[in-house]
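Participant: The structure follows.
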Amino acid sequence: TATHDSPTAAGSGDSATKAFRASRDSASVGPAVSQERVSEVVTHLLAGIHSTIRSKKVTYDEFQAAKQYLIDVGEGGEWPLILDVFVEHVVEDVAAEAQDGTKGSILGPYYLPGQVRLDTPATLPRRADEQGTELLFAGQVRDTAGNPVPGAELDVWQADHEGYYSGFAPHLPDGNLRGVVVADAQGKFEIHTIEPAAYQIPTDGPTGALIEAAGWHPWRPAHLHLMVRAPEHRTITTQLYFRGGEWLDSDVASATKPELILDPVDNGDGTRSVTYDFTLEPA
Ligand code: MBD
Ligand code: FE
């Protein structure tokens, strides 16, 4: 049972918007998008909206409600959340068409760079009284030719046993259940952590309001987030799920893949262990 106030949607929305802006500011500036590209994509996007209005006979009341809704999404800081939940998975699918190696999944709104670096074997930072089933997550990072990738980095972030992320829920210490684990000379790693709970989209913000209004459910299955990187290799951004976990077949963010499901075994002492190996392709 919770002994703290749950974070507000507006609070975590603001944090997610700030984190997104910071990631843009520090990123190198890419090539300007051409006028042709802007026109092509936006014309197609608008045509989709126009065709929805015509075929569903969208009314003036509905149009004005939609305008109010989009204003609320921005004011609540929920653009990162709503876009990552309902749109990012298709961008990831398109990117994946040209990729080899371990399957990717969406980044989502809760990545924070610059976490503590830990040599393997590592324990992710946790509170003294961190709840949840102990999990030993181990494996090896190899390249597409099967050779070990020495010193690969596994940048890991996850929710706690109540489904909350540090940096976005004010009752959690900064950096909790986040870390960059450095694999050994054989690319092997061992990460001690706890199993996360399923994640519920905040019900008190605009994304939650839409889900409720549409009669959908607000859940993502329990998952670990990872970015796996090494020099001269393409960084993999992915998520790992748990066999038998609730919502695996109906993730609100449509971000599960059968290849990304872990099968932990019970160690008989209340802890669980699992291995998962990663394959990196050349950059
Ligand atoms: C999450 O924890 C998440 O991983 C995604 C993709 C969207 C919302 C919350
Ligand atoms: Fe997540």
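The values are calculated or read from the model by the stated rules, or taken from the named source; none is laboratory data. All values derive from a computational prediction rather than experimental measurement. Methodologically, a virtual Cβ is constructed for each residue, glycine included, from the backbone with ideal geometry; neighbour enumeration extends over all protein chains shown.
Participant: Search the stretch 197-212 for residues that are small (Gly, Ala, Ser) and pair each with any residue that is within 9 Å of ligand 1 (Cβ to nearest atom) and outside any helix (DSSP H, G or I) when their beta-carbon atoms are under 8 Å apart and the residues are at least 6 apart or on different chains.
Facilitator: Here the result reads Ala197/Ala159; Ala197/Gly163; Ala198/Gly163; Ala198/Arg220; Gly208/Ile201, each pair linking the stretch 197-212 to a residue that is within 9 Å of ligand 1 (Cβ to nearest atom) and outside any helix (DSSP H, G or I).
Participant: Which condition from (1) touching a residue at least 12 places away in the same chain (Cβ under 8 Å); (2) within 16 Å of ligand 2 (Cβ to nearest atom) is the one that Thr17 breaks?
Facilitator: With (1) touching a residue at least 12 places away in the same chain (Cβ under 8 Å); (2) within 16 Å of ligand 2 (Cβ to nearest atom) applied to Thr17, the lone miss is (2).
Participant: Also, I was wondering about something else. In this structure, does Asp72 turn out to be in contact with a helix residue (DSSP H, G or I) (Cβ under 8 Å, 6 or more places away or on another chain), assigned to a helix (DSSP H, G or I) and in contact (Cβ under 8 Å) with a residue 24 or more places away in the chain?
Facilitator: Working: in contact with a helix residue (DSSP H, G or I) (Cβ under 8 Å, 6 or more places away or on another chain): yes; assigned to a helix (DSSP H, G or I): yes; in contact (Cβ under 8 Å) with a residue 24 or more places away in the chain: yes.
Yes.
Residues are listed down the side, and each one gets a yes or a no for (1) within 16 Å of ligand 2 (Cβ to nearest atom); (2) part of a strand (DSSP E or B); (3) not small (Gly, Ala, Ser):
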site	(1), (2), (3)
Thr238	yes, yes, yes
Gly245	yes, no, no
Thr256	yes, no, yes
Ser273	no, yes, no
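Participant: Please go through the stretch 140-149 and give me each residue that is on the phi < 0 side of the Ramachandran plot and either crowded, with 17+ Cβ neighbours inside 10 Å or not in a strand (DSSP E or B) (or both), ordered by number.
Facilitator: Kept after step one, since they are on the phi < 0 side of the Ramachandran plot, are these residues of the stretch 140-149: 140-145, 147-149.
Residues satisfying the conditions are Gln140, Val141, Arg142, Asp143, Thr144, Ala145, Asn147, Val149.
Participant: Another question about this same structure. Being within 13 Å of ligand 2 (Cβ to nearest atom), of a type in the set (A, V, I, L, M) and in contact with a Pro (Cβ under 8 Å, 6 or more places away or on another chain) is the filter here, so list the residues in the stretch 129-176 that pass it.
Facilitator: Across the stretch 129-176, the qualifying residues are Ala159, Ala169.
Participant: Kindly check whether there is at least one residue in the stretch 40-58 that is of a type outside the set (Phe, Trp, Tyr) and outside any helix (DSSP H, G or I).
Facilitator: Yes, the conditions are met somewhere in the stretch 40-58.
Participant: Go through the residues of the stretch 87-101 one by one and say whether even a single one is surrounded by 20 or more Cβ atoms within 10 Å (Cβ to Cβ), more than 16 Å from ligand 1 (Cβ to nearest atom) and of a type in the set (S, T, N, Q).
Facilitator: Looking for residues that are surrounded by 20 or more Cβ atoms within 10 Å (Cβ to Cβ), more than 16 Å from ligand 1 (Cβ to nearest atom) and of a type in the set (S, T, N, Q), one finds none in the stretch 87-101, hence no.
Participant: For the stretch 150-169, name all the residues that are more than 18 Å from Phe20 (Cα to Cα) and either out of contact with any Leu (no Cβ under 8 Å at 6 or more places or on another chain) or part of a loop (DSSP other than H, G, I, E, B) (or both).
Facilitator: Of everything in the stretch 150-169, those that are more than 18 Å from Phe20 (Cα to Cα) and either out of contact with any Leu (no Cβ under 8 Å at 6 or more places or on another chain) or part of a loop (DSSP other than H, G, I, E, B) (or both) turn out to be Pro150, Gly151, Ala152, Glu153, Ala159, Asp160, His161, Glu162, Gly163, Tyr164.
Participant: Out of curiosity, is Gly77 touching a helix residue (DSSP H, G or I) at 6+ places or on another chain (Cβ under 8 Å), more than 16 Å from ligand 2 (Cβ to nearest atom) and under 20 Å from Pro218 (Cβ atoms)?
Facilitator: When the stated conditions are applied, Gly77 passes them.
Participant: Picking from Leu154, Leu177, which residue would you name as being within 16 Å of ligand 1 (Cβ to nearest atom), modelled with pLDDT of 95 or more and of a type outside the set (Asp, Glu)?
Facilitator: Values: Leu154 fails: within 16 Å of ligand 1 (Cβ to nearest atom).
Exactly one residue qualifies, and that residue is Leu177.
Participant: Now for a different question. For the list (1) away from ligand 2 (no atom under 16 Å from the Cβ); (2) surrounded by 20 or more Cβ atoms within 10 Å (Cβ to Cβ); (3) not hydroxyl-bearing (Ser, Thr, Tyr), I need the number of the one condition that Ala185 fails.
Facilitator: (2)
Participant: Suppose we keep only residues that are near ligand 1 (Cβ under 10 Å from one of its atoms) and not in a strand (DSSP E or B) within the stretch 198-217. Which one would you say is surrounded by the fewest Cβ atoms within 10 Å (Cβ to Cβ)?
Facilitator: Ranking the candidates gives Ala198 first.
Participant: A follow-up question, please. Regarding Asp277, is this residue in contact (Cβ under 8 Å) with a residue 60 or more places away in the chain, among the charged types (D, E, K, R) and either more than 16 Å from ligand 1 (Cβ to nearest atom) or out of contact with any Cys (no Cβ under 9 Å at 6 or more places or on another chain) (or both)?
Facilitator: Answer is yes for this residue.
Participant: Oh, and also: Among the listed residues Ala65, Ala122, identify the single one that is crowded, with 18+ Cβ neighbours inside 10 Å and more than 21 Å from the chain's Cα centre (by Cα).
Facilitator: Going through Ala65, Ala122 in turn, just one is crowded, with 18+ Cβ neighbours inside 10 Å and more than 21 Å from the chain's Cα centre (by Cα): Ala122.
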